[in-house]
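Asker: Let me give you the structure first, and then I'll get to my questions.
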Amino acid sequence: MGMTIWIRGARLKTLPLAIAPVLIGASLAWRDAGERRVAVAVLCGFVALLLQIAANFANDYSDGIRGTDAGRAIADEQLSRGPARLVASGVNPKKVLVAAGICALAACLCGLAVIALTGYWWFILVGIACLAAGWCYVGGKHPYGYHYLGEIFVFIFFGLVATCGTMFALSGTITPDGLLGGSAAGLVAVAVLCVNNLRDIESDGNHGKHTWMTAMGLRNGTIFTIAILIISALIALRHLLQSSIYAANGIPLIAIIAILCAAQIAASYAIARKTYRRALPLCSLDSLTVAAIFVLSTMLA
């Protein structure tokens with residue numbers, strides 16, 4: 001299997017969740033950013049991507065050694081409700097942990113480069129918080145992801161922190177639009193987590209992993225997940241309708257609204273039909289359509 005299994009372990013389908021908040025934050029700060037804005041924005045993107053991959057490997061390691069991912073080997077993938085995992089497929093857990101550490105180290109180096117370019121040394125504290133959140137989600141003796149807090153931390157770090165952190169790195173300020181954009185990105189990230197937890201609701205319950213979905217149950221959890229997807233889209237549309245570019249650039253904006261609506265409908269339908277293997281990537285891609293609203297609002301202004 002070689003490299004292929006490691007690529008799958010990185011969970012590429014989740015990576016749009018790392019890119020979307022950076023795009024939103026960068027677009028909102030672009031006009032007020034300095035001459036190094038391209039370098040800073042690209043580095044922020046790498047920080048987000050590498051932290052996402054590091055968290056994916058760390059989660060694979062922690063859930064694997066706990067037995068939560070039992071039965072999710074590549075050989076059993078067609079029989080499993082969820083995609084294959086590295087430790088469950090027989091990969092040495094220590095190697096998975098090392099992979100997480102390498103990605104985290106690379107993210108730290110990119111973060112230090114951002115600090116060197118911007119001079120915001122307190123970003124070190126933000127980086128430490130991100131690393132701790134990534135590890136403690138399902139790692140350690142008392143993982144918060146097993147005690148109803150995973151959704152809250154995902155909203156904070158995949159939404160507000162990533163968006164507002166990028167915005168501040170570029171412009172030195174955070175606006176109400178930044179908070180709203182971060183909220184939109186965070187809600188989509190929570191929806192992706194909820195889809196994952198809806199798929200694993202029985203397994204999580206058996207292994208003592210308490211999530212909002214295990215508390216709400218399948219029916220209410222499905223309604224909640226679709227609802228927060230819709231709210232994220234409404235936040236993006238609100239930003240669009242309040243901008244001055246709406247009337248002057250009708251055709252491209254109508255096109256992106258149509259794409260956003262199509263993405264929302266496709267993801268919601270897949271969730272309602274309980275086809276979670278389709279729903280998860282559709283929700284992840286939906287984060288990019290939400291981000292596209294903010295990016296186009298800047299480009300066409």
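The values are calculated or read from the model by the stated rules, or taken from the named source; none is laboratory data. Bear in mind the structure is a predicted one, so any value in this text is a computation, not a measurement. Note that we place each Cβ from the backbone using ideal geometry, even for glycine, and neighbour counts take in every protein chain shown. For accessibility, only protein heavy atoms count, side chains too; no ligands or nucleic acids. Shrake-Rupley method; radii C 1.70, N 1.55, O 1.52, S 1.80 Å.
Asker: Relative to the longest principal Cα axis of the chain, at what angle does helix 37-66 sit, 0 to 90 degrees, rounded to 10?
Answerer: Helix 37-66 sits at roughly 20 degrees to that axis.
Asker: Okay, next question. Counting only residues 5 or more places away or on other chains, whose amide H sits under 5 Å from the amide H of residue 175 once H atoms are built in the peptide plane?
Answerer: none
Asker: Using only the alpha-carbon atoms, how far is helix 16-29 inclined from the longest principal axis of the chain? Give it as 0 to 90 degrees, nearest 10.
Answerer: Tilt relative to the chain: about 20 degrees.
Asker: Report the FRET efficiency, 1/(1 + (r/R0)^6), for residue 117 and residue 218, where r is their Cβ-Cβ distance and R0 is 35 Å, rounded to 0.05. Intermediate results must be reported in sequence, preceding the final value.
Answerer: On the way: r = 47 Å, r/R0 = 1.35.
Plugging the Cβ-Cβ distance into 1/(1 + (r/R0)^6) gives 0.15.
Asker: Considering only protein heavy atoms, what per residue accessible area in square angstrom results for the chain with a 1.4 angstrom probe?
Answerer: Ligands and nucleic acids excluded, the figure is 46 Å² per residue.
Asker: Got the relative contact order for the chain handy, in percent, Cα pairs under 8 Å and 6 or more residues apart?
Answerer: The normalised contact order for the chain reaches 24 percent.
Asker: Still on this model: Jot down the per residue volume, in cubic angstrom and as a whole number, of the convex hull over the alpha-carbon atoms of the chain. Can you show the working numbers first?
Answerer: Numbers: hull volume 36.9 nm³, N = 301.
Hull volume over Cα atoms, normalised by residue count, gives 123 Å³.
Asker: Moving on to the next point. Using amide H atoms built 1.01 Å from N in the peptide plane, name the residues 5+ places from residue 210, or on other chains, whose amide H lies under 5 Å from its own.
Answerer: Here the answer is 147, 148, since their amide H atoms fall under 5 Å of that of residue 210.
Asker: Another question, if that's okay. Measuring from a point 7 Å past the Cα of residue 65 along Cα-to-C-beta, which residues in region 114-143 have an amide N at less than 11 Å?
Answerer: Correct set: 139-141.
Asker: Roughly what angle does helix 250-272 make with the longest principal axis of the chain, taking Cα atoms, 0 to 90 degrees, to the nearest 10?
Answerer: 20 degrees
Asker: If I model a spin label at residue 129 and residue 36 as a point 7 Å from the Cα along the Cα→Cβ vector, what separation in nanometres do I get?
Answerer: For the pair residue 129/residue 36, the computed spacing is 2.3 nm.
Asker: Apply the Karplus curve 6.51 cos²θ - 1.76 cosθ + 1.60, θ = phi - 60°, to the phi angles in region 195-212 and return the couplings in whole Hz, x for Gly and Pro.
Answerer: Result, ordered by residue: 4, 4, 6, 5, 4, 9, 4, 6, 5, 4, x, 5, 9, x, 8, 9, 10, 4 Hz.
Asker: Follow-up question, since we're still on this one. Give the lysines reachable from residue 94 as a straight Cα distance under 27 Å; neighbours fewer than 8 places away on the same chain don't count.
Answerer: Partners found: 13, 141, 209.
Asker: How large is the convex hull of the Cα atoms of region 126-171 per residue, expressed in Å³ as a whole number?
Answerer: Values: hull volume 2.3 nm³, N = 46.
Cα-based convex hull of region 126-171, divided per residue, equals 50 Å³.
Asker: Using Cα centres only, tell me the gap between region 254-301 and region 129-201 in whole Å.
Answerer: 19 Å
Asker: Which order do the peptides 180-192, 197-209, 36-48, 136-148 take when ranked by the mean count of other beta-carbon atoms within 10 Å per residue, highest first?
Answerer: Working: 180-192: 27.2, 197-209: 18.3, 36-48: 19.8, 136-148: 16.5.
Going by the mean number of other Cβ atoms within 10 Å, highest first, we get 180-192, 36-48, 197-209, 136-148.
Asker: If you don't mind, there's one more thing I want to ask. Assign unit charges at the C-beta atoms only (+1 for Lys and Arg, -1 for Asp and Glu), then state the dipole size of the chain relative to its Cα centre in Debye, rounded to the nearest 20. Can you show the working numbers first?
Answerer: Numbers: 21 positive and 13 negative charges, 90 e Å.
So the dipole magnitude of the chain works out to roughly 440 debye.
Asker: Same structure, new question: Please compute P(r) over all alpha-carbon pairs of region 158-220, binned at 5 Å starting from zero, and give each bin as a whole-number percent.
Answerer: Values per bin, smallest distances first: 4, 19, 20, 14, 11, 11, 10, 7, 4, 0.
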